[in-house]
1. Given the condition surrounded by fewer than 16 Cβ atoms within 10 Å (Cβ to Cβ), modelled with pLDDT of 95 or more and more than 21 Å from residue 389 (Cα to Cα), answer yes or no: does some residue in region 342-363 qualify?
2. May I ask you to verify whether residue 373 is surrounded by fewer than 18 Cβ atoms within 10 Å (Cβ to Cβ), modelled with pLDDT of 95 or more and either closer than 16 Å to residue 344 by Cα or in contact with a strand residue (DSSP E or B) (Cβ under 9 Å, 6 or more places away or on another chain) (or both)?
3. Output the number of the condition that residue 181 fails; it satisfies all remaining conditions of (1) in a helix (DSSP H, G or I); (2) out of contact with any helix residue (DSSP H, G or I) (no Cβ under 7 Å at 6 or more places or on another chain); (3) under 29 Å from residue 247 (Cα atoms); (4) modelled with pLDDT under 80.
4. Scan region 447-464 for residues that are surrounded by fewer than 22 Cβ atoms within 10 Å (Cβ to Cβ) and either assigned to a helix (DSSP H, G or I) or touching a strand residue (DSSP E or B) at 6+ places or on another chain (Cβ under 8 Å) (or both) and jot them down.
5. Looking at (1) farther than 25 Å from residue 357 by Cα; (2) crowded, with 18+ Cβ neighbours inside 10 Å; (3) within 32 Å of the chain's Cα centre (by Cα); (4) in contact (Cβ under 8 Å) with a residue 24 or more places away in the chain, which one does residue 410 not meet, given that it meets all the others?
6. Residues that are over 29 Å from residue 157 (Cβ atoms) and either touching a residue at least 12 places away in the same chain (Cβ under 8 Å) or crowded, with 22+ Cβ neighbours inside 10 Å (or both): does region 218-237 have at least one?
7. Which residue pairs have Cβ atoms closer than 6 Å, lie 6 or more positions apart in sequence or on different chains, and pair a first residue in region 260-287 that is modelled with pLDDT of 95 or more with a second residue that is surrounded by fewer than 19 Cβ atoms within 10 Å (Cβ to Cβ)?
């Protein structure tokens, strides 16, 4: 295929380019890879079977096969464009890119829309700053002629400031054209409308709107997900003094969202947010002090900031205050107060608080033991998706604690917990499969779940896995 690519170019050029790019069956040659990708995307359409040269007669193409030929050729072009975009995105061409760009731009001298657009695809290397303006102008021309692909890329130029000053309002106008909606990862029209409203406010320097816009970009609501853009809008909001923007900026630095991780900067922005009265900022600042993130550990300060957050009715903060009281972190142990704060958190809908209030009822921490109430709170937390509670509900059903025994339901809840990544739940699913509890016996599946549990660090899973191999349990 490598030697006879001319005769078979309509089928194989995209793959040959990939082979050269990564060195499969040949020496790695990125310039050759680029050449083959360009052959792929610049082939003219076949108008009839007479446009094929003599060499293609070897493929026995008769008139009725031309449609199939065109279909395969189009697949090849699609694959070629995709591979080419990845090729440039990863900056694989360093030495030859400028020469190739110059040659490609010459293609735009005629009025062939397809060739112009293909040249644009090949120019999308973010290091070619000197040519950004040319790229923008070409996309603008193509958009004016009705090329929807170019119109989408023109919106990207406005969005990211490629060849033109950033203008997110203009980008939004292009994105929201009805024919371009398929390009956007949007849930529904309401989200798009909400995004548009927030964007307009944000561009008018409304710091609260800037925070919301950052959130939309971070989570892909009403717009394509873009963590770098989220980070930029959080910075604008934070610098304008918005406490919530400061908190979100701290999260970006803490977790490396749209920027490099920087725990010291995370701590600094959490501090600003907390002092400004943001309950989430207070919660996160307490977490930094408790775990030594960007600062020295200080359990007393951790408790103080958790308490401020809790008093501002932050549900996770309320849970954390309960935990501090239960375990004497930064304050004296007080199980009664622990129970009270857990209850506030649970009523507010926090899955951790719901789990912990269930645990208090189960163990009699700060209140009398009540297995039925323990089960009820575990169940609420489990239904809200908390994996540890799902495992607890499985235990309750398996052993009849606070509810009737039901091995089938026990297995179902263990499985939910396991699928959510909880190692003890994975071990319990293995137990159910091994012993036929709530499901059919399946030693092979038991082994699979014990292995997952053991790999996740569960001691019971490791012990059961060791038992499997020690006793040579058959899994076929």
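1. The answer is no; no qualifying residue exists.
2. yes
3. Status for residue 181: all satisfied but (3).
4. Taking region 447-464 and keeping what is surrounded by fewer than 22 Cβ atoms within 10 Å (Cβ to Cβ), we get 447-448, 451-452, 455-457, 459-460, 462-464.
Result: 447, 448, 451, 452, 455, 459, 460, 462, 463, 464.
5. (1)
6. Taking every residue of region 218-237 in turn, none turns out to be over 29 Å from residue 157 (Cβ atoms) and either touching a residue at least 12 places away in the same chain (Cβ under 8 Å) or crowded, with 22+ Cβ neighbours inside 10 Å (or both).
7. Close Cβ pairs satisfying both conditions: 263/293; 267/295; 279/312.
The values are calculated or read from the model by the stated rules, or taken from the named source; none is laboratory data. Here the structure is a predicted model, which means the values were calculated and not measured. Using ideal geometry, Cβ is built from the backbone for each residue, glycine included, and neighbour counts are taken over all protein chains shown.
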